[in-house]
Structure formats: C-alpha cells, structure tokens
Amino acid sequence: MSGEARISTSSETENFRAQDVVMLTARLAQLLAEEVDLLTDMKVKKVEALQNEKIFLTNALEAQRKLIERHPYIIDTIPSRDKKDLEDVAQVFQNILEENHRKLLLAKEVNHKIVQAITEVVKETTQSRTYNGSGYTGQAAFNNLSVTLDKTI
C-alpha cells in the first residue's frame with residue numbers, strides 16, 4: 001500500500017451537501033435578525049417564539065460540523081462556488097450574531113434596571129409605621145425585600 005491518503009465514501013458522507021449548510025446558516029442568520037428587531041423594539045416576550053427553530057438549526061449545523069470533523073476531506077470535495085457561498089453566508093451570519101449579542105446585552109441591562117426600579121418602588125411603599133409608648137415615631141424600612149420573576153433574559 002502506498003502513502004496516498006484514502007478517501008472513503010461512507011454513506012454518512014455521501015449525503016453531505018454544502019448548499020444544505022448554506023441554507024441552514026442563512027435561516028439561522030434570518031432568525032437572529034428577527035430577534036435583533038424584536039430586541040430593538042423591546043418585544044422580549046416574542047423572542048421566545050423563535051427559540052425552538054433556533055435550537056433545531058443550531059443542532060443541524062452542529063451535526064454537519066461534527067461530520068466534517070470526522071471526515072475532514074469533505075472540505076476538499078466542496079465545489080468552489082459552494083465554498084464562496086459558505087464564506088459569504090458565514091460573514092453575514094457573524095455580523096448578525098455580533099449585533100444580536102449587543103442587543104441581548106442591552107435588553108438584559110434594561111431588564112435589570114427595570115427590576116431595580118420596581119424593587120425601589122416596592123421598598124418605598126412597604127415601609128411600616130412604628131409606634132412607641134407615646135405614639136408614632138416614624139417609619140421602619142424593610143431592608144430585605146424578596147422579588148421573584150418568572151422570566152429571565
């Protein structure tokens with residue numbers, strides 16, 4: 001046997017199509033762009049509706065990444081036009097991902113400030129009056145206030 005690399009044609013790699021990866025990545029980028037728009041409009045509740053499809057697409061792309069990791073020669077079989085499409089969609093995806101990250105951080109900060117404001121208002125309104133033997137002596141603030149929210153960002 002010579003020192004040449006053998007390329008196997010396992011059934012696992014026969015179904016690999018670079019355009020599938022392009023389509024999955026483009027759809028995920030589209031979802032992230034929708035999420036950016038919702039976050040810009042502070043419609044955080046509507047972001048939840050996108051999560052199932054985002055998880056599905058992410059898992060599908062991860063499976064493709066693992067396939068390439070197991071069979072690195074697949075990259076050499078991708079036509080140059082498909083490679084160009086992959087590079088283009090990867091750049092678009094990266095830009096949208098960065099914007100999405102910024103918007104998520106902003107939404108998280110806004111959410112945190114809202115919770116702080118609510119906590120302060122609740123603190124101010126839950127002070128109790130204290131009395132001594134000769135009558136009213138002022139207000140005692142409750143320093144420990146517990147606030148529970150059903151959603152986090």
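Sorting 47, 115, 121 from the fewest to the most surrounding beta carbons within 10 angstrom yields 121, 115, 47.
Run through every distinct alpha carbon pair of region 11-140 and return the Kirkwood hydrodynamic radius in angstroms, one decimal place. Write out the running numbers ahead of the final one.
Values: mean 1/r = 0.0537 Å⁻¹.
Hydrodynamic radius (Kirkwood, Cα pairs) of region 11-140 is 18.6 Å.
Let's test the formula: R0 of 30 Å, r as the Cβ-Cβ distance of residue 110 and residue 54. What FRET efficiency results, to the nearest 0.05? E between residue 110 and residue 54, to the nearest 0.05, is 0.90.
Read-outs throughout are calculated quantities, based only on the coordinates presented, and are distinct from any laboratory measurement. Only a predicted model underlies this, so the values are computations on that prediction, with no experimental measurement involved. Backbone-built Cβ (ideal geometry, glycine too); neighbour counts: all protein chains shown.
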